[in-house]
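Nothing in this text is a laboratory measurement; each read-out follows from the coordinates by a stated rule. Just so it is clear, the structure is predicted and the values come from calculations on it, not from any experiment. Virtual Cβ from ideal backbone geometry, glycine too; neighbours counted across all protein chains shown.
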Amino acid sequence: MLGCEIWLKFENQQFTASFKERGALNKLLQLTDTQKAQGVIAMSAGNHAQGVAYHAHRLGIPAVIVMPEGTPTVKVEGTRSHGAKVMLEGSTLEDAARFARDHGEAHELTFIHPYDDALIVAGQGTVALEMLAQGGSLDALVVPIGGGGLMAGMGTVARALAPDVQVIGVQSLLYPAMHALFNGREVPEDAGGDSLAEGIAVKRPGVITAEIIKSVVDDIVLVTEPQLERAVTLLLDIEKTVAEGAGAAGLAAILADRERFAGKRLGLVVCGGNIDMRLLSDVLTRELARAGRIARLAIDVRDRPGELASLTRILADQDANILDISHHRVFTSTPAKGARTLFEIETRDRQHLDDAVNALSAHGYTVSLRGPDEI
């Protein structure tokens, strides 16, 4: 489909549906007996939280997890289900981190950083050990970057075992911190927003990871929200696997620049699958709209009996399925004797949609097609 050969590493099939288990377990195994008895504290938007909570419970270590207030419910409840105490504090990861450090010091808990720790980085790097062993000769590894733990670990492994393999990082356009540092620019203070890829929505990357990445990564690319949405949809549609926004970032990079990756053999990490089901539903519906399989039509009509029947008859003749209809007589710029009718319809594809619109136009109706980004 994309003109290249793609090998996927399904880290979304880990027990907690994320690669974060690797680094968390590696760190927990290195604690002293005293540290294990006193307990640990971590801050995370969700996946690191679940990794720490799950393995701490397995090892009998008390765990407190601090999460930003906007963390998806599926990740909060997933963390609680592993026996950890969850505290929702702050609006960003940085706010949660400050609270976690202060609370940890006050209660003598060992802080488990989600990425800026050499033991965490080493644990995440085992993803590359497996990919290079199982995937054969790859031209490039394409890896999502938030704080940089996964990229730093995988890049280190790749440079040691397969120095000819390109190592390419991917960040959300809304959170380009590591991209800026990598290219010698200041981290943008105004970066942020509601990204689908909240797992890599990090405003300021780690100090340790940034230094490693500068020495082991070839390039870092940025992807947009529509590209992330498309990638999530493709993974579900083609691979029958659920990926969160961050987990689909590698595929989004291929969608963003197909020419660059054409003909290459690529290793992509589906690094997590913890996505809220309602959000996933919205993403899939928006993608259907972009593909022309559902659409919203705005049609200005005369406000008189039979007008609606005429419109529905035309659409029926085109085999377009009507999902929803609404009339607007007041909050519209149409004449007082007119109305604006909004149709939400289902069609087979973009051509079928165009045929339906053309049929309406042929009967004298002026049709405005509203895209998913105009709703």
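Between the residues 65, 8, 88, the greatest Cα displacement towards the positive end of the dipole of the chain, with unit charges on the Cβ of Lys, Arg, Asp and Glu, is found for 8. At 1.306 mPa s and 10 °C, plugging the Kirkwood radius over alpha-carbon pairs of the chain into Stokes-Einstein gives what diffusion coefficient in µm²/s? Approximately 70 µm²/s, per Stokes-Einstein.
Other residues whose C-beta falls under 14 angstrom from the C-beta of residue 107 contribute a net charge of -1, scoring Lys and Arg +1 and Asp and Glu -1. Positive end of the dipole of the chain (Cβ unit charges, origin at the Cα centre): among 243, 327, 28, the Cα lying farthest that way belongs to 327.
Helix 47-59 and the longest principal axis of the C-alpha atoms of the chain enclose an angle of approximately 40°. Per-residue extension of 0.36 nm, minus the Cα-Cα distance of residue 359 and residue 325, leaves a gain of 10.4 nm for this segment.
Phi angles across region 190-196 convert, under the Karplus curve 6.51 cos²θ - 1.76 cosθ + 1.60 with θ = phi - 60°, into 3J(HN,Hα) values of 8, 5, x, x, 7, 8, 4 Hz, Gly and Pro given as x.
As I understand it, the value is the acute angle between the Cα axis of helix 307-317 and the longest principal axis of the Cα atoms of the chain; what does it come to in degrees, rounded to 10? Roughly 70 degrees between the two axes.
Relative contact order of the chain, please, whole-number percent, based on alpha carbon pairs below 8 angstrom and at least 6 residues apart. Intermediate values should be presented prior to the final figure.
Working: 775 pairs, mean separation 60.9, N = 375.
In percent, rounded to a whole number, it is 16.
For the pair residue 282 and residue 111 in one chain, pulling the backbone fully straight at 0.36 nm per residue adds 58.0 nm over the alpha carbon distance.
Between residue 183 and residue 130, the simple spin-label model (points 7 angstrom out along Cα→Cβ) gives 3.3 nm.
I want to verify the translational diffusion coefficient of region 1-99 in µm²/s; compute it with Stokes-Einstein, Rh as the Kirkwood radius over Cα pairs, at 10 °C and 1.306 mPa s. For the chosen part, D equals 112 µm²/s. Going 7 Å from the Cα of residue 368 in the Cα-to-Cβ direction, what parts of region 296-322 have a backbone nitrogen less than 16 Å from that spot? Under cut-off, by backbone N: 296-302.
Taking amide H atoms as placed 1.01 Å from N in the peptide plane, the amide H of residue 66 lies under 5 Å from those of 42, 43, 44, 87, each 5 or more residues away in sequence or on another chain. Counting only other residues whose beta carbon sits under 11 Å from that of residue 270, what net charge do I get with K and R as +1, D and E as -1? Spelling it out: positives minus negatives among the neighbours equals -2. Working note: Karplus 6.51/-1.76/1.60 with θ = phi - 60° gives region 282-298 the couplings 5, 4, 5, 5, 4, 5, 4, 5, 5, 7, x, 8, 9, 8, 10, 10, 9 Hz, where Gly and Pro are set to x. For region 242-308, the square roots of the Cα gyration tensor eigenvalues, ordered a ≥ b ≥ c, give a/c of at least 1.5 with a/b no greater than b/c, which places it in the oblate category.
Computed extension length for residue 5-residue 190: 62.9 nm, one decimal, from 0.36 nm per residue of separation with the Cα-Cα distance subtracted. Charge dipole of region 293-370 (Cα centre as origin; +1 on each Lys and Arg Cβ, -1 on each Asp and Glu Cβ, all else neutral): 320 debye, rounded to the nearest 20.
Where does each of 238-250, 8-20 land if you order them by average Cβ count within 10 Å, highest first?
Numbers: 238-250: 24.5, 8-20: 22.8.
Peptide ranking by packing, descending: 238-250, 8-20.
Could you grab the relative contact order for region 20-112? Cα pairs under 8 Å, six or more apart, rounded to a whole percent.
Once normalised by length, the contact order is 33 percent.
Quick check on my link table: of 85/214; 27/85; 20/203, which ones sit more than 27 Å apart, alpha carbon to alpha carbon?
Going by Cα-Cα distance, 85/214 fall outside the 27 Å limit.
For residue 264, a cut-off of 18 angstrom between C-alpha atoms picks up these lysines, skipping any fewer than 8 places away in its own chain: 9.
Summing Lys and Arg as +1 and Asp and Glu as -1 over all other residues whose Cβ lies under 12 Å from the Cβ of residue 21 gives a net charge of +3. The angle between the Cα long axis of helix 20-29 and the longest principal axis of the Cα atoms of the chain comes to about 20 degrees, rounded to the nearest 10.
I'd like the FRET efficiency for residue 95 and residue 239, computed as 1/(1 + (r/R0)^6) with the beta carbon distance as r and R0 of 51 Å, rounded to 0.05.
Plugging the Cβ-Cβ distance into 1/(1 + (r/R0)^6) gives 0.90.
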